[in-house]
1. Consider residue 209 carefully, then state whether it is surrounded by fewer than 23 Cβ atoms within 10 Å (Cβ to Cβ), assigned to a helix (DSSP H, G or I) and in contact with a strand residue (DSSP E or B) (Cβ under 7 Å, 6 or more places away or on another chain).
2. Does the range 47-68 contain any residue that is touching a helix residue (DSSP H, G or I) at 6+ places or on another chain (Cβ under 9 Å) and at pLDDT below 90?
3. Going by the structure shown, is residue 135 within 21 Å of residue 63 (Cβ to Cβ), assigned to a helix (DSSP H, G or I) and at pLDDT 90 or above?
């Protein structure tokens, strides 16, 4: 069983939400130009990738679920397998199901205040500043990721993993070729960045460094 668990973790790391990154590398500031900007932050850890946006930058009525976080200055968004993501500890059965079979998905949303640089435990944080039309498309992508019955506001499924956080039902099936990394790549693609539809974190970060500014990069500790 221990050997099987190690194999599953290795597969998750390489094929699902893994791949290690090393060093800061060279940052090329080739952000889309034109018009006012609002920052988006890519968060990367060994097993996870997600994005952060400022609540006050959200245009119009998009992401009405932000009202569940009245004290938040920023919202962090992550997408993943329904059962595996919501589990409070590693579950081998959920991990195998997530790898082998298309399954329902959830969004994990965290509200927080303060500086994004240094936030939580993330190994790498990369800032993007798309023009206003690109940022609006990006937020639209986040908005459409919520599964809402009858076009209303998505109801929280329960408490999230840390801080002021909640899980919400999401759109799209999670499987080996549609993971947290491909979803996060889609968020950045919506803003106009030519990011590949990454399967591994390594691929995602390699692309992201070309178009964003690295705010934080630290060695793996877990």
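1. On the way: surrounded by fewer than 23 Cβ atoms within 10 Å (Cβ to Cβ): yes; assigned to a helix (DSSP H, G or I): yes; in contact with a strand residue (DSSP E or B) (Cβ under 7 Å, 6 or more places away or on another chain): yes.
So residue 209 passes the test.
2. Yes, the range 47-68 contains a residue that is touching a helix residue (DSSP H, G or I) at 6+ places or on another chain (Cβ under 9 Å) and at pLDDT below 90.
3. Numbers: within 21 Å of residue 63 (Cβ to Cβ): yes; assigned to a helix (DSSP H, G or I): yes; at pLDDT 90 or above: yes.
It is true that residue 135 is within 21 Å of residue 63 (Cβ to Cβ), assigned to a helix (DSSP H, G or I) and at pLDDT 90 or above.
The values are calculated or read from the model by the stated rules, or taken from the named source; none is laboratory data. Keep in mind that what you see is a predicted model, and the values were worked out from it rather than measured. FYI the Cβ positions are ideal-geometry reconstructions off the backbone, even for glycines, and counts take in every protein chain you see.
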